[in-house]
Every structure is written in C-alpha cells, then in structure tokens.
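To start, the structure itself, in structure tokens.
The values are calculated or read from the model by the stated rules, or taken from the named source; none is laboratory data. Predicted model, so just to flag it, every value in this text is computed and none were measured. Every residue, glycine among them, receives a Cβ derived from its backbone with ideal geometry; neighbour counts consider all protein chains shown. Note: accessible area is taken over every heavy atom of the protein model, side chains too, but ligands, DNA and RNA are not part of it. Shrake-Rupley method; radii C 1.70, N 1.55, O 1.52, S 1.80 Å.
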Amino acid sequence: MRTRFQAHRGVSYAFLGSEQGILEELFSAKGHAFYRFAVPLDLTDAGGHRFGIDPDDWLEYLRAKFAAKKMTIDDASIDRLLRRDAGHPQDTMQVCAALYYLMRDAGSRSVTPDLLEVAYEQAMRELERPFALHWTELGLAQVPAAGRETHRSSRGALRGRCRRWRRAAA
C-alpha cells in the first residue's frame, strides 16, 4: 500500500483511529512498512477548543435540542456539563440522553443541578462498561481505583485520543 500511496501526487491522506498506540506503532516503529509515512496531528486542540468544538456551539446546539423536546437547559448547566465531561462529544451526548430521559420520566421541563448530577453518574456508569471489557481482556478482574478516577477525570486519556495522521512532507 505504501508504494501505491507514494505514487500518488497532490494527494493527502488522513489515518484516523481511537486506539492511539496502534497508529503510533504503525507510523513510528522502525521496520514497519509505514514508518515515518505520516505525522500525528492531535485533534484535541483543533480550533483552540477541546475536541474541536467551541463551547458556544455546544451551548446553541444543546439549547436547541432540549427546546425541540419542550425542555430548557440554562447556560450554567451546560457549562457544568462540559466541565464535568471535558467536552468529549460522546460523553456529552450520553449525559444529555440520560438527562432527557430523567426529565421526561420526572415530568420536568427545566434542568436542575440534581438532575444533571444523576444523569452524569448514570452516563458514566454506562460509559465505564467498555473499559471494564478492556480491563478484562488485559487479565484484570476489575478496573483499579486509579483507573476509575482517571476515567472520570479525563476519559480522553483512557479512550485514546483520536489522532489524525497526515502524510509527511517528502
């Protein structure tokens, strides 16, 4: 594949993946066919915002989504949510889904700090399941306490940051 890629002119490639180590090994380990074929470009700071999404865009998007369900979420709640989940898109959407169902079931039309906290905890329990599988694959019966804390405070570190690799200049 490298030979074919190198034959193309005026073309850029993006190699995407959520398993950071795999891409790093592929492009950074001597002896591999793609050694030094691409360089990493960390997307966590794209556009100056974590995961490339401006908090104002989150604000507008989430307000509109809740409004479509005849519910309201205030700016302070959105700020609190984005601080708690570090603005990770999947985490944010998971928390919002849990929040919506809690509000629907409670007949609430406005987000409260208590509902947000319960939704966050529910979403984090759901999001921990895949990590538990990874820990099991590594031969560990359960996630070590330090791993749980790392997951809660910085899921990006455990998930592997999504990196975009672009073809290195010749």
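Every residue in the stretch 84-110 that is without any contact (Cβ under 8 Å) to a residue 40 or more places away in the chain, open to solvent by less than 50 Å² (accessible area, probe 1.4 Å) and aliphatic (A, V, I, L, M), please.
Listed by number, the residues that qualify are 95, 97, 98, 99, 102, 103.
Would you check which residues across the stretch 36-66 are open to solvent by 70 Å² or more (accessible area, probe 1.4 Å) and modelled with pLDDT of 80 or more and list them?
The answer is 36, 56, 57, 60, 61, 63, 65.
As an exercise: evaluate residue 70 against (1) at pLDDT 90 or above; (2) part of a helix (DSSP H, G or I) and give the number of the one condition it does not meet.
Single failed check for residue 70: (2).
Any idea which of (1) over 13 Å from the mean Cα position of the chain (by Cα); (2) surrounded by fewer than 16 Cβ atoms within 10 Å (Cβ to Cβ); (3) modelled with pLDDT of 85 or more; (4) part of a helix (DSSP H, G or I) is the one residue 81 doesn't satisfy?
For residue 81, the failing item is (2).
Of everything in the stretch 84-93, what is under 18 Å from residue 59 (Cβ atoms) and in a helix (DSSP H, G or I)? Give them in sequence order.
84, 85, 89, 91, 92, 93
Taking the stretch 111-126 as the search range and keeping residues that are open to solvent by less than 30 Å² (accessible area, probe 1.4 Å) and in a helix (DSSP H, G or I), which one is modelled with the lowest pLDDT?
Across the stretch 111-126, the extreme among qualifying residues is 124.
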